[in-house]
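Down below is the structure, laid out as structure tokens.
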Ligand SMILES: *Cc1c(COP(=O)(O)O)cnc(C)c1O
């Protein structure tokens, strides 16, 4: 007998983007982190943290943070569940809802690879439905599959496109399971699907502090849904899934929407500039609503450029998968980082 369940032996673990050692001098445009620091209020909360609080277990429902979300997003605090990153909530959803055969996990591809990894761990059957060339939501096939969970990332990664609310409504109305709208990148987008949680009991909207709030290292995410739906997730959640420091710092970040929005505007302006600079270098670039762009080089192969950039200290994301192998996903950096990227790309393409 092997040590592990056969599903674990058979699956491939999730491979996150490379994280160079702290202090390494590198331009890191591979995991969609925010190029700017978090709100000064977060530094302040860290400095004034009462160390004696760490003696005790943290608040299992992160009340303070849920109240901050409630105030910022105008949803009742009991419509919020908090996770150790939104990945934690994705995990809760899969564990609570999915298994093999008639409780399957459904999502359009290409998308966030973790949906597949979590489903494999749970031994849940997966139905992957490819997006058409124009990234219209494949509604008929998603509805026909009728998942116990249907994941839709919007804005989606790695494509950067956003899904129209009416498509999400049609989906939510016509499936009997939960529709999870993963809004990790919503802070850089034109609109949110948040109103749908009031229209449909089976819709969960997921948010994270990792991207818009520049707190990927803190591990803080949350879901918003009808309390009837959240009740099942609370049963599955670790009691202390978010620690006292994350609750305190996350609350400070959530209470400073002005700072977050101002930084998001900077990133969006840089995204438009980077897109146009890449086009001048012969790339085709999809219109993005995230803090990254998906770009197809015109002349040299994407994999060659990925490796050549890496050699020169610039990390971007390359997915060696059908439909993506000719593309690079490039996170939006600071203006200075983006300019260096463009310079290096220019020399690689003309060299
Ligand atoms: C980054 C990302 C997440 C995960 O965020 P964490 O809160 O850091 O766990 C979830 N979904 C998508 C689509 C992402 O890109």
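The values are calculated or read from the model by the stated rules, or taken from the named source; none is laboratory data. In this text, all values refer to a predicted model and were calculated from it rather than measured experimentally. Counting neighbours? That spans all protein chains shown, and the Cβs are built from the backbone with ideal geometry, glycine included.
Annotation: of all residues in the range 99-151 being assigned to a loop (DSSP other than H, G, I, E, B) and touching a helix residue (DSSP H, G or I) at 6+ places or on another chain (Cβ under 6 Å), the one that is surrounded by the fewest Cβ atoms within 10 Å (Cβ to Cβ) is 123. For the range 207-236, filtering for residues that are in contact with a strand residue (DSSP E or B) (Cβ under 9 Å, 6 or more places away or on another chain) and closer than 18 Å to residue 257 by Cβ leaves 9.
In the set 328, 345, 307, 315, only one residue is closer than 19 Å to residue 271 by Cα and without any contact (Cβ under 8 Å) to a residue 60 or more places away in the chain; that residue is 328.
Given the range 167-255, what helices (runs of 4 or more DSSP H) lie entirely inside it while holding 1 or more residues that are within 14 Å of the ligand (Cβ to nearest atom)? Full working, then the answer.
Numbers: elements: 196-199, 227-236, 244-254.
So the answer is 244-254.
Scanning the range 320-343 for residues being at pLDDT 95 or above, surrounded by fewer than 18 Cβ atoms within 10 Å (Cβ to Cβ) and either over 27 Å from the mean Cα position of the chain (by Cα) or not in a helix (DSSP H, G or I) (or both) gives a total of 4. When the range 14-62 is filtered for residues that are within 16 Å of the ligand (Cβ to nearest atom), modelled with pLDDT under 90 and out of contact with any helix residue (DSSP H, G or I) (no Cβ under 7 Å at 6 or more places or on another chain), the ones remaining, listed by number, are 15, 16, 17, 18, 19.
If the condition is being away from the ligand (no atom under 16 Å from the Cβ) and in contact with a strand residue (DSSP E or B) (Cβ under 6 Å, 6 or more places away or on another chain), then the range 107-141 contributes 124, 126, 127, 129, 130, 138, 141.
Here is a yes/no grid of residues against (1) free of Cβ contacts under 8 Å to residues at least 60 places away in the same chain; (2) surrounded by 11 or more Cβ atoms within 10 Å (Cβ to Cβ); (3) under 30 Å from residue 266 (Cα atoms); (4) within 17 Å of the chain's Cα centre (by Cα):
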{"residue": "13", "(1), (2), (3), (4)": "no, no, no, no"}
{"residue": "17", "(1), (2), (3), (4)": "no, yes, yes, yes"}
{"residue": "25", "(1), (2), (3), (4)": "no, no, yes, no"}
{"residue": "37", "(1), (2), (3), (4)": "no, yes, yes, no"}
{"residue": "45", "(1), (2), (3), (4)": "no, yes, yes, no"}
{"residue": "51", "(1), (2), (3), (4)": "yes, no, no, no"}
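No other residue among 29, 73 is closer than 30 Å to residue 147 by Cα and either touching a strand residue (DSSP E or B) at 6+ places or on another chain (Cβ under 8 Å) or free of Cβ contacts under 8 Å to residues at least 12 places away in the same chain (or both) apart from 73.
Determine, yes or no, whether residue 93 is within 23 Å of residue 211 (Cα to Cα), outside the structural domain of residue 329 (by TED's automatic domain parsing) and in contact (Cβ under 8 Å) with a residue 40 or more places away in the chain. Yes, satisfied. Screening residue 290 on (1) touching a helix residue (DSSP H, G or I) at 6+ places or on another chain (Cβ under 7 Å); (2) assigned by TED's automatic domain parsing to the domain that holds residue 191; (3) more than 21 Å from residue 65 (Cβ to Cβ) shows it passes everything except condition (2).
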